[in-house]
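Student: Okay, here's the structure, questions in a sec.
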Amino acid sequence: MKETGKRIVNSWNEWDPLKHIIIGVADGCMIPPSEPAMECKIPADSDMKGVWGPRTQDTVDKANAQLDNYAEILRKRGIKVDRPTPIDFSQQVSTPDWENGSMFGCMPPRDVILTVGNEMLEATMSYRCRWFEYLCYRPLLGRYFKEDPGMVWGAAPKPRLTDRTYKAGYLSRIITIEDRLKLTADKDFVTTEVEPLFDAAEVCRCGKDLFVQHGFTANLSGIEWLSRHFPDHRVHAVNFPGDPYPIHIDATFVPLRPGLAINNPGRALPEEQRQIFYDNDWEIIDAAQPAHKEPPPLCYSSVWLSMNCLILDPKTVVVEASEVYQMEQMNKLGLEVIPVPFRDAYAFGGGLHCATTDVYREGSREDYFPNQTHAIPLEDGWKA
Ligand code: ABU
């Protein structure tokens with residue numbers, strides 16, 4: 001890395017002291033029409049089933065008010081906050097291979113941009129409605145690139161997302177929730193392995209080790225691609241049986257500081273995949289129960305956004321203001337909790353972690369897992 005000039009981009013893990021971040025905006029956010037990857041994410045009894053079109057201005061305004069308040073709280077703590085530039089998400093989009101009735105939005109930058117060290121990497125994404133979302137971040141990434149001579153601007157190969165990318169008839173194999181749970185426990189997800197796919201929010205950054213959820217929005221080819229793209233890291237594919245809708249690791253497994261992670265108790269990391277944590281003196285504890293029984297209306301995410309927190313430094317964490325049990329647990333773990341109201345923004349793409357992506361945290365790439373006796377091997381089933 002070039003060491004001269006201003007350093008803007010640097011972030012190696014989820015907990016080092018945060019200095020600069022991107023927070024999304026809710027403007028123009030759409031409920032996109034059905035498409036293969038999206039269909040299997042929406043529960044059969046969801047109020048989103050069969051619904052698509054623009055979100056109401058009233059809900060957009062309420063979400064933006066909470067996003068702006070979140071940005072202000074971080075700014076007051078001395079953290080620089082940048083915002084993406086929305087495009088017209090209502091327009092129909094197409095590539096030579098497909099057309100889609102609309103795009104999605106740019107509230108959750110964590111899904112799209114993966115920061116690893118001095119690199120900001122645009123993820124492949126795995127939904128057609130999100131294929132162009134990277135454009136909202138180009139003004140920021142372009143600026144960081146100009147101002148920081150050490151910044152690496154990466155873009156993973158854009159996938160074609162033809163019908164070959166998705167398993168035909170996947171949804172017809174699901175009648176009951178047990179069918180879903182069996183499929184996800186067997187690591188039989190909606191995507192095929194014809195091309196690498198990953199959303200950035202599948203990656204949990206722990207210094208030299210990157211833990212990537214294999215699920216609906218990252219396939220094994222995508223995880224293999226990440227391991228070759230980051231040759232100085234160790235990339236581990238993890239999965240969480242018990243999750244009927246496995247997308248994005250940050251409401252399932254969240255490291256709070258070196259040596260401590262919370263795990264969604266309904267989506268336990270399998271025993272053999274825990275071993276690398278135990279070998280390195282990490283503790284994995286069950287996350288507290290969510291305070292709510294249901295997500296807000298027209299929301300893709302589960303009530304487990306309760307654990308989708310933003311860590312400001314190893315002693316300070318931002319938690320959604322109504323999540324009393326999660327806040328209490330964080331307090332007991334010795335963390336100062338900053339409550340931030342955010343439920344009005346959930347439907348636009350997730351929680352407090354989803355709505356951000358790191359630009360700069362102090363610190364460097366450390367090895368928190370020197371004992372690799374039980375390193376989680378990458379599977380090569382994707383080659384077939
Ligand atoms: N983007 C995180 C959502 C995960 C969940 O719905 O539990």
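Student: Condition check: hydrophobic (A, V, I, L, M, F, W, C) and in contact with a strand residue (DSSP E or B) (Cβ under 6 Å, 6 or more places away or on another chain). Does Leu135 satisfy that? Quick ask: steps written out before the conclusion?
Tutor: On the way: hydrophobic (A, V, I, L, M, F, W, C): yes; in contact with a strand residue (DSSP E or B) (Cβ under 6 Å, 6 or more places away or on another chain): no.
Against the criterion (hydrophobic (A, V, I, L, M, F, W, C) and in contact with a strand residue (DSSP E or B) (Cβ under 6 Å, 6 or more places away or on another chain)), Leu135 does not qualify.
Student: Working carefully through the options Gly363, Gly349, find the one that is away from the ligand (no atom under 16 Å from the Cβ), in contact with a strand residue (DSSP E or B) (Cβ under 9 Å, 6 or more places away or on another chain), at positive phi and of a type in the set (Gly, Ala, Ser).
Tutor: Numbers: Gly349 fails: away from the ligand (no atom under 16 Å from the Cβ).
Step by step, each of Gly363, Gly349 is checked, and only Gly363 is away from the ligand (no atom under 16 Å from the Cβ), in contact with a strand residue (DSSP E or B) (Cβ under 9 Å, 6 or more places away or on another chain), at positive phi and of a type in the set (Gly, Ala, Ser).
Student: Which residue, of Pro17, Pro36, is surrounded by 15 or more Cβ atoms within 10 Å (Cβ to Cβ) and farther than 30 Å from Lys208 by Cβ? Steps first, please.
Tutor: Details: Pro17 fails: farther than 30 Å from Lys208 by Cβ.
The conditions single out Pro36.
Student: Let me ask another. Going by what's in this entry, would Cys40 be described as within 30 Å of Asp188 (Cβ to Cβ) and under 23 Å from the mean Cα position of the chain (by Cα)? Spell out how you get there, then give the answer.
Tutor: Values: within 30 Å of Asp188 (Cβ to Cβ): yes; under 23 Å from the mean Cα position of the chain (by Cα): yes.
Considered against the rule, which asks whether it is within 30 Å of Asp188 (Cβ to Cβ) and under 23 Å from the mean Cα position of the chain (by Cα), Cys40 comes out as yes.
Student: Sticking with this one: Here is a list: Gly78, Gly105, Gly101. Which entry is small (Gly, Ala, Ser) and loosely packed, with under 15 Cβ neighbours inside 10 Å?
Tutor: On the way: Gly105 fails: loosely packed, with under 15 Cβ neighbours inside 10 Å; Gly101 fails: loosely packed, with under 15 Cβ neighbours inside 10 Å.
Step by step, each of Gly78, Gly105, Gly101 is checked, and only Gly78 is small (Gly, Ala, Ser) and loosely packed, with under 15 Cβ neighbours inside 10 Å.
Student: Going by the conditions given, is Pro231 away from the ligand (no atom under 16 Å from the Cβ) and either surrounded by 22 or more Cβ atoms within 10 Å (Cβ to Cβ) or not hydrophobic (A, V, I, L, M, F, W, C) (or both)? Step through it out loud before you land on a result.
Tutor: On the way: away from the ligand (no atom under 16 Å from the Cβ): yes; either surrounded by 22 or more Cβ atoms within 10 Å (Cβ to Cβ) or not hydrophobic (A, V, I, L, M, F, W, C) (or both): yes.
When the stated conditions are applied, Pro231 passes them.
Student: Could you please find all residues in the range 40-57 being aliphatic (A, V, I, L, M) and either part of a strand (DSSP E or B) or surrounded by 12 or more Cβ atoms within 10 Å (Cβ to Cβ) (or both)?
Tutor: Across the range 40-57, the qualifying residues are Ile42, Met48, Val51.
Student: Then there's this: For residues in the range 244-264 being in contact (Cβ under 8 Å) with a residue 60 or more places away in the chain, within 16 Å of the chain's Cα centre (by Cα) and assigned to a loop (DSSP other than H, G, I, E, B), which is farthest from Trp12 (Cα to Cα)?
Tutor: Filtering the range 244-264 for residues that are in contact (Cβ under 8 Å) with a residue 60 or more places away in the chain, within 16 Å of the chain's Cα centre (by Cα) and assigned to a loop (DSSP other than H, G, I, E, B), the one farthest from Trp12 (Cα to Cα) comes out as Tyr245.
Student: Any residue at all in the range 164-178 that's acidic (Asp, Glu), closer than 28 Å to Glu320 by Cβ and more than 16 Å from the ligand (Cβ to nearest atom)? Show your work before the answer.
Tutor: Quick first cut of the range 164-178, residues acidic (Asp, Glu) only: 178.
Still in the list and also closer than 28 Å to Glu320 by Cβ: none.
No, there is no match, as no residue in the range 164-178 is acidic (Asp, Glu), closer than 28 Å to Glu320 by Cβ and more than 16 Å from the ligand (Cβ to nearest atom).
Student: Just to verify a result, which residue in the range 297-313, among those that are more than 14 Å from the ligand (Cβ to nearest atom) and out of contact with any Leu (no Cβ under 6 Å at 6 or more places or on another chain), is farthest from Tyr245 (Cα to Cα)?
Tutor: Taking the range 297-313 first, the residues more than 14 Å from the ligand (Cβ to nearest atom) are 297, 311-313.
Okay, now just the ones that are also out of contact with any Leu (no Cβ under 6 Å at 6 or more places or on another chain), so 297, 311, 313.
Details: Pro297: 18, Ile311: 25, Asp313: 30 Å.
This residue is Asp313.
Student: Another question, then. Find the residue count for the range 14-66, including only residues that are among the β-branched types (Val, Ile, Thr) and out of contact with any strand residue (DSSP E or B) (no Cβ under 9 Å at 6 or more places or on another chain). Please lay out each step first, then the result.
Tutor: At the first step, the residues of the range 14-66 found to be among the β-branched types (Val, Ile, Thr) are 21-23, 25, 31, 42, 51, 56, 59-60.
From the residues that got through so far, the ones that are out of contact with any strand residue (DSSP E or B) (no Cβ under 9 Å at 6 or more places or on another chain) too are 42, 56, 59.
Going through the range 14-66 one residue at a time, the tally reaches 3.
Student: Being buried (at least 22 other Cβ atoms within 10 Å of the Cβ) and touching a Lys or Arg at 6+ places or on another chain (Cβ under 6 Å) is the filter here, so list the residues in the range 160-189 that pass it.
Tutor: Leu161
Student: Does Lys293 qualify as being at pLDDT 95 or above, among the charged types (D, E, K, R) and within 16 Å of the ligand (Cβ to nearest atom)? First the steps, then the outcome.
Tutor: On the way: at pLDDT 95 or above: yes; among the charged types (D, E, K, R): yes; within 16 Å of the ligand (Cβ to nearest atom): yes.
It is true that Lys293 is at pLDDT 95 or above, among the charged types (D, E, K, R) and within 16 Å of the ligand (Cβ to nearest atom).
Student: Further question: Scan the range 109-126 and report the pairs whose first residue is of a type in the set (Asp, Glu) and whose second residue is assigned to a helix (DSSP H, G or I), with Cβ atoms within less than 7 Å and a gap of 6+ or a chain change.
Tutor: Within 7 Å, the pairs are Asp111/Ala200; Asp111/Ala201; Glu122/Tyr134.
Student: Suppose we filter the range 234-253 for residues that are within 11 Å of the ligand (Cβ to nearest atom), in contact with a strand residue (DSSP E or B) (Cβ under 9 Å, 6 or more places away or on another chain) and not aromatic (Phe, Trp, Tyr); how many remain?
Tutor: Of the residues in that region, 7 qualify.
Student: I need a count of the residues in the range 203-217 that are among the small types (Gly, Ala, Ser) and under 13 Å from Ser11 (Cα atoms). Give the steps one after another, and end with the answer.
Tutor: First, pick out the residues of the range 203-217 that are among the small types (Gly, Ala, Ser): 207, 215.
Then keep just the ones that are under 13 Å from Ser11 (Cα atoms); that gives 207.
Number of matching residues: 1.
Student: Given the range 286-367, what strands (runs of 3 or more DSSP E) lie entirely inside it while holding 1 or more residues that are touching a residue at least 60 places away in the same chain (Cβ under 8 Å) and not hydrophobic (A, V, I, L, M, F, W, C)?
Tutor: Numbers: elements: 310-313, 316-320, 336-340, 356-361.
Strands (runs of 3 or more DSSP E) meeting the threshold: 310-313, 356-361.
The values are calculated or read from the model by the stated rules, or taken from the named source; none is laboratory data. Note that the coordinates shown come from a computational prediction; the quantities given were computed from them, not determined experimentally. Cβ atoms come from the backbone with ideal geometry, glycine included; neighbour counts cover every protein chain shown.
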